[in-house]
1. Can you tell me what share of the DSSP beta bridges in the range 1-151 is antiparallel? A percent to the nearest 5 is fine.
2. Work out how much length residue 190 to residue 213 would gain on full extension: take 0.36 nm times their residue separation and subtract the Cα-Cα distance, in nm to one decimal.
3. Taking a cut-off of 20 Å between Cα atoms, list the aspartates and glutamates near residue 361, but don't count ones fewer than 8 places away on the same chain.
4. Provide, for q = 0.12, 0.15, 0.17 Å⁻¹, the log10 of I(q)/I(0) from a solvent-free Debye sum over equal Cα point scatterers in the range 232-393.
5. For a protection proxy built on the mean count of beta-carbon atoms within 10 angstrom, sort 371-380, 352-361, 71-80 highest first, please.
6. Among [x] 158; [y] 124; [z] 136, which one is volume of the Cα convex hull per residue in Å³ computed from these coordinates?
7. Below 8 Å, C-alpha to C-alpha, sequence gap of six or more: please give me the relative contact order for the range 232-393 in percent.
8. When the helices in the chain are scored as -39500 (n - 2.57) per DSSP H run of 4 or longer and the sum is shared across all residues, what 222 nm value do you end up with, to the nearest 500 deg cm²/dmol?
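The numbers here are math on the coordinates, done by the rules we state, and not lab data. Everything quoted here is computed from the prediction, not taken from an experiment. Heads up, the Cβs are rebuilt from the backbone with ideal geometry, glycines too, and the neighbour counts pull from every protein chain shown.
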Amino acid sequence: MTRKLLQINNVLRMSTSTGRIVREIGEMALSRGWESTVAYSRGRDGEQSCTSAVLPVGSWLSVAWHGLVTRLADRHGLASSAATARLVGDIGSLKPDIVHLHNINGYFLDYMILFRYLSASRIPVVWTVHDSWMYTGHCYYYTAAGCDRWMTGCGNCPQRTAFPASLLADRSAGNWTDKKKSFTSVPRDRMTIVAVSEWMSGELKKSFMGDYDIRVIHNGIDTVAFSPLPDGLAVRQKYGLGNRRIILGTAGVWTREKGFGDFLELSHSLDPAAEVIVLAGVTDAQRKSLPGNVVGIPKTADVRALAALYSAADVFVNPTWQDNYPTVNLEAISCGTPVVTYNVGGSPESLTSGIGAVVDKGDVRGLRDAVKMICEKGKDAYRSACREHALKNFRKEDRYAEYMDLYESLL
């Protein structure tokens, strides 16, 4: 009998990390003879198609209503009730052998309705945790805020106005209680939690999900697409970088938490004649505010262009203040470029001493010293070690095979 996999995620776009992951897990399932379906938010992503069958959930109107409920009442994940009821009916008709949850936040599901169904069904559940929303009363991450209230029940949230922003109410204590009741309603022998970093695994074990089976499966990347490219001269000419050492940073959205201010501070200690910072993913407004030795590049989904940037850089710097297991580190290393990052979350887990350096959070002088050390040694001292490490640890085929093995073990 053909096995059936249903994945649920808020987005399906290839330009998002989780959208790409669910697509590629589905492709591997299909290659192993499974049927694969992905449920996602139609209101956020519109009509999408992929190799897996698709199950669009809700509409732009249900997403808008959910956003309003979040903004006014701090009830993120507790709206879109009609859309979730229809999804539950579709799951009953589909009869999947495995339900694999990813991000069920994002203005498209009522988690109480979904978990009421999952707890009553006999379907094994796998839940990959891509951020901290599962076990907090409000936020996606808390390390930049230095908050540990998620361990005892939340309340008086210091990040109430951070995404998913609530403009009026602080319901973080009630949200924490509701999530605990809903998520732990699934019997422990029927739900496996997958953390994408050892750091996240440790945090989960301190949360109300700590009694569940928690595994670690790191995210993988396409190590063929992200490989060393001989495009360095073209990149330098395109952006007017000359022969200066390139210190690269990339982000989907540049914020304080992603280290935008840290890069600006770092720029003050550089020799503008010999070194240049290149920031990919900046907005037009951010680009206009950059100092002369920082070059801003718009966000791009062109993998070849990204790989060329990584390959041309002398060092990749990721001064993130909060992260789980940042894919940008993997991409840079796979392109043969050493990485410097803060000792935050799971960001250091992709590094070894031979392919980069880790410094304390907020230590911009430490960033400068690490960059200087790597540049003085020269990229040739790191390129081969970076590539070998990537092929051994980052291949998406190996990581997705771990999911397939997990599915089989649960059945």
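1. 5 percent
2. Roughly 7.3 nm would be gained on extension.
3. Straight-distance partners of residue 361: 131, 148, 198, 203, 257, 262, 265, 323, 349, 369.
4. -0.44, -0.72, -0.96
5. Taking the mean over residues of other Cβ atoms within 10 Å, the ranking is 71-80, 352-361, 371-380.
6. Among [x] 158; [y] 124; [z] 136, the one derived from this structure is [z].
7. Computed over the range 232-393, the figure is 22 percent.
8. Mean residue ellipticity, 222 nm, calculated: -11500 deg cm²/dmol.
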